[in-house]
Amino acid sequence: MRNDAKVDDFRFPLDLGAPAGSLEAKAPHIDNGLDIPHPARYYSREFMQKEWLHLWPRVWLLAAATSDVAEPGDFTLFQHGHEEIIVVRQEDATIKAFFNACPHRGNRVCQVDRGSASSFTCAFHSWEFGCDGKLQKIVDEEKGAASEGVDGIAGRVPRELRDGQNECRAAYAQRVDVELENRC
């Protein structure tokens with residue numbers, strides 16, 4: 001490289017100035033993925049929306065290590081963008097994941113990042129859900145807090161255990177009834 005070369009002298013893809021007819025000049029261009037991505041992908045709302053629609057729903061995301069939920073009732077919250085998921089160890093040693101939302105009004109049912117609990121309670125009407133996600137108790141149901149069609153927390157999240165890591169698919173608003181076995 002020339003000593004008097006400036007940054008502006010370089011163009012991508014990088015041209016090393018091989019003499020015409022040389023082996024280097026005859027070599028076909030190889031796309032090895034070293035192109036510099038446009039910086040807008042790191043701050044653009046449009047690019048973020050495309051990722052939410054086309055990328056995150058199709059990939060597995062690390063939600064927690066199994067050591068984070070070692071005992072029955074242990075839980076941890078997994079946050080990804082605007083979604084929040086409760087990962088909780090069950091009495092039968094399996095692990096389930098739920099949206100951190102009451103199906104009645106959408107309020108959070110878990111207010112802390114991690115811990116151990118026998119149930120989760122919505123602060124709006126005090127609906128109580130077990131660690132298995134099932135609706136256990138409704139306070140003042142006779143006063144009009146309708147529970148028709150509600151049998152559990154807002155929805156199960158597909159999850160899989162890989163090498164001691166709990167991985168969850170990106171969350172959606174619709175209820176998901178996919179249960180994968182814990183393979184530990």
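The values are calculated or read from the model by the stated rules, or taken from the named source; none is laboratory data. What you see is a predicted model, and the numbers here were worked out from it, not measured in a lab. Please note: Cβ atoms are built from the backbone with ideal geometry, for glycine as well, and neighbour counts cover all protein chains shown.
Residue 51: under 17 Å from residue 134 (Cα atoms), of a type outside the set (Val, Ile, Thr) and not in a strand (DSSP E or B), yes or no?
Spelling it out, it is not the case that residue 51 is under 17 Å from residue 134 (Cα atoms), of a type outside the set (Val, Ile, Thr) and not in a strand (DSSP E or B).
Results for (1) among the aliphatic types (A, V, I, L, M); (2) within 30 Å of residue 50 (Cα to Cα); (3) at pLDDT 85 or above, shown as yes or no for each residue.
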{"residue": "131", "(1), (2), (3)": "no, no, yes"}
{"residue": "149", "(1), (2), (3)": "no, no, no"}
{"residue": "165", "(1), (2), (3)": "no, yes, no"}
{"residue": "184", "(1), (2), (3)": "no, no, no"}
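For the range 25-39, which residues satisfy the criterion of being exposed (fewer than 10 other Cβ atoms within 10 Å of the Cβ) and not in a loop (DSSP other than H, G, I, E, B)?
26, 39
Pairs only if they're at least six apart or on different chains, beta carbon under 9 angstrom, first in the range 107-123 and on the phi > 0 side of the Ramachandran plot, second buried (at least 16 other Cβ atoms within 10 Å of the Cβ); list them, first residue then second.
Within 9 Å, the pairs are 115/73; 115/74; 115/75; 115/76.
Does residue 112 fit the bill of being of a type in the set (Val, Ile, Thr), loosely packed, with under 14 Cβ neighbours inside 10 Å and at pLDDT 90 or above?
yes
Every residue in the range 63-84 that is among the hydrophobic types (A, V, I, L, M, F, W, C) and modelled with pLDDT of 90 or more, please.
Matches in the range 63-84: 69, 70, 75, 77, 78.
Of everything in the range 109-130, what is in contact with a strand residue (DSSP E or B) (Cβ under 7 Å, 6 or more places away or on another chain) and either closer than 15 Å to residue 76 by Cα or among the small types (Gly, Ala, Ser) (or both)? Give them in sequence order.
109, 110, 113, 114, 115, 116, 117, 119, 120, 130
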